[in-house]
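Written out below as structure tokens is the structure these notes cover.
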Amino acid sequence: MVSAIDLGQLFLTPTIPGEVWSSLIVMLIIAILAIIIGIQAKHQDPLKKPKGLLLIAIIGVQFFDKFVEGLIGTRIKWMGGFVMGIATYVFISFIFSLCGLPSPMTYMAVPLSLGLITFVLIHETSAKYTGLKYFKRYVDPIPIFLPINLISMWAPLLSLTLRMFGNAIAGFVLMTIISWGIDSLAGIIIPFMGSVGGWNVGSIILNPIITAPFHAYFDLFSGFIQTVVFISLSTIFIGQELPEEIDVKISEKGDVI
Amino acid sequence: MGNAIAAAIAILGVMPSALGEGMVCAKAIEGISRNPDAVGTIRSSMILGCALVETTAIYSLLISILCLFLG
């Protein structure tokens, strides 16, 4: 029998890992930004030039629309907005460790959720455009391939998830090793400053100088590249399920050529 | 001890990935020297290709870390 106290302990004890809180904070930041931009866009005089946050948002929307158009054309209307939202979340998550809080990407559930979004969208798009023929993909080209197809359908999910998670965890491990190295170096060069809680005080001075370029590479550059790779692959995977684009040209009279 | 040996064997998987990345860069530079006007397009494709090639190395790294800490 579960008593009320047990239930209270289940929800009140801090069993939620820090990365999930970070993820919630990132979502909150994006939501607040989106609300501010929405209010600005509502009050914007269309005859005047936009400026500030609204200008950045407009440039971003145009960029992502063009990006999607270059990859899969304009066949899915919502793709630009979806890609922009995902890209913002992934990039802010990657650079979130610069604030001193744990990056959400180092917790496996977060990249797995992002991968699942793409995975579900791939199958949803396929089912939407092919109808009942959707099930043909499992017995393609002959029914004996069913077990192979059932295994290979998980490949995009696995590769998308592990790529982001692996990159984030690799950066995290390397930064930790560098920090350890700096700490023992400080113990040798400037030992007279003493130590607090097992860490040399001298490493507080050395750390910001030495780790800054590594943070720039492992957090900023790696995060940017992984964002681009993730949104490109998601767009291409979803675009693959679309039917062939038919070039329809309409003459001045309205006839299809 | 067994963990460390397994991790060392797993991390060997980064070798072909490094070779592949070298090939990507070599071909990109070749392309730039043939057509210097296309440097922007080639550079962005090269970085994307490098990131994709790097993935296999990262799988090895992940398995290596798993062997070390969870094996």
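A few points about this structure:
- Selection within the range B:32-68: residues that are among the polar types (S, T, N, Q) and part of a helix (DSSP H, G or I). The member of this set that is farthest from the other protein chains (Cβ to nearest Cβ) is B:Ser33.
For (1) touching an Asp or Glu at 6+ places or on another chain (Cβ under 7 Å); (2) among the aliphatic types (A, V, I, L, M); (3) within 27 Å of A:Thr106 (Cα to Cα); (4) modelled with pLDDT of 90 or more, each residue gets a yes or a no:
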| residue | (1), (2), (3), (4) |
| --- | --- |
| A:Gly171 | yes, no, yes, no |
| A:Phe192 | no, no, no, no |
| A:Thr211 | no, no, yes, no |
| A:Phe230 | no, no, yes, yes |
| A:Ile236 | no, yes, yes, no |
| A:Lys249 | no, no, no, no |
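- The number of residues in the range A:166-217 being within 14 Å of chain B (Cβ to nearest Cβ), aromatic (Phe, Trp, Tyr) and free of Cβ contacts under 8 Å to residues at least 60 places away in the same chain comes to 1.
- Summed over the range A:154-200, residues that are surrounded by fewer than 16 Cβ atoms within 10 Å (Cβ to Cβ) and outside any helix (DSSP H, G or I) total 8.
- Inclusion of B:Glu21 among residues that are within 10 Å of chain A (Cβ to nearest Cβ), surrounded by 13 or more Cβ atoms within 10 Å (Cβ to Cβ) and under 11 Å from the mean Cα position of the chain (by Cα) is not warranted.
- Residue in the range A:106-125 that is in contact with an Asp or Glu (Cβ under 9 Å, 6 or more places away or on another chain) and farther than 29 Å from A:Glu19 by Cβ present: yes
- Only one entry of B:Ser44, B:Ser33 meets the criterion of being more than 19 Å from A:Ile225 (Cβ to Cβ), without any contact (Cβ under 8 Å) to a residue 12 or more places away in the chain and surrounded by fewer than 17 Cβ atoms within 10 Å (Cβ to Cβ), and that entry is B:Ser33.
- Subset of the range A:112-163 (residues that are more than 16 Å from A:Ile236 (Cβ to Cβ) and within 14 Å of another protein chain (Cβ to nearest Cβ)): A:Leu112, A:Leu158, A:Thr161, A:Leu162
The values are calculated or read from the model by the stated rules, or taken from the named source; none is laboratory data. All values reported here derive from a predicted model rather than from experimental measurement. Heads up, the Cβs are rebuilt from the backbone with ideal geometry, glycines too, and the neighbour counts pull from every protein chain shown.
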